[in-house]
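To keep things clear, I will list the structure first and then write my remarks on it.
Readers should treat all values here as calculations from the given coordinates under stated rules, not as data from a laboratory. Being a predicted model, the structure only gives us computed values, none of them experimental. Here the Cβ is made from the backbone with ideal geometry for all residues, glycine too, and neighbour counts use every protein chain on show.
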Amino acid sequence: MNLMVQLFLSFLQIGLFSIGGGYAAIPLIQSQAVDIHGWLTTSQFMDLATIAEMTPGPIAVNSATFVGLKIAGLPGAIVATAGCILPSLIIVSFLAYLYRRYCQISLMQSILGSLRPAVVALIGAAGLNMFLQIAFSGSGIGSIQVQNISWIGIALFAGAMYALRKLKWNPILTMVLCGACNLLLGTVLVL
């Protein structure tokens, strides 16, 4: 199958099935880009997730643009991004019409309320997978090896969580400090 068609269909699936968007799309992107097609390594995917979070815009769209650009240049970025946003465009337009027409019905409120647990579960799975990537030096959920524990990664993760949740630090400042600490500690431990 043509690479452009594969990019479009892969990100069409991500756009279609990442209900809730944002962090819920990360496991789907990893499945398509790393596991199924091998377009990215696990390390490259972690870089992608970091870059997609730091740049303005939705994570799935930023990821689609990044993967498309890496795999097939500017045309690939356009095709992957279009595939990612097309389902949302169609579904949101349809749902907006339905919501305007039927928003008073309690069944509509029940349907929307039942989607929340699924979105929370997808976000939790993405967070757990990212933590395992950090804690076990690039091993995903299926390939944890105890001898590869990254104590620096775990300490930086715990410190970042504390700084963000308890001290209410700015997320960008926290990421920059974690990156600087990791670079510094990595350099010191190598010497």
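Relative to the Cα centre, what is the charge dipole magnitude of the chain, using +1 at the beta carbon of each Lys and Arg, -1 at the beta carbon of each Asp and Glu, and rounding to the nearest 20 debye?
Using Cβ point charges on Lys, Arg, Asp and Glu, the chain gives about 540 debye.
What's the ranking of 40-53, 175-188 by average number of surrounding C-beta atoms within 10 Å, highest first?
Result, highest mean Cβ count within 10 Å first: 40-53, 175-188.
Can you pull the three principal axis extents for the Cα set of the chain, in Å, largest first?
Cα extents, longest axis first: 65, 44, 30 Å.
In nanometres, what is the gap between the two model label sites at I152 and L16, each 7 Å from Cα along Cα-to-Cβ?
Roughly 4.3 nm, to one decimal.
Using the membrane-span-like helix rule (whole DSSP H runs, Cα extent along the own axis of at least 27 Å, mean Kyte-Doolittle hydropathy at least 1.6), which helices of the chain qualify?
Helices meeting the span and hydropathy rule in the chain are 171-190.
Search the structure for amide H atoms under 5 Å from the amide H of S150, placed 1.01 Å from N in the peptide plane, and list their residues when 5 or more places away or on another chain.
Result for S150 returns F136, S137.
Determine the gain in length on full extension of the stretch L185-E53; use 0.36 nm per residue of separation and subtract their C-alpha separation, reporting nm with one decimal.
45.1 nm is the gain from fully extending L185 to E53.
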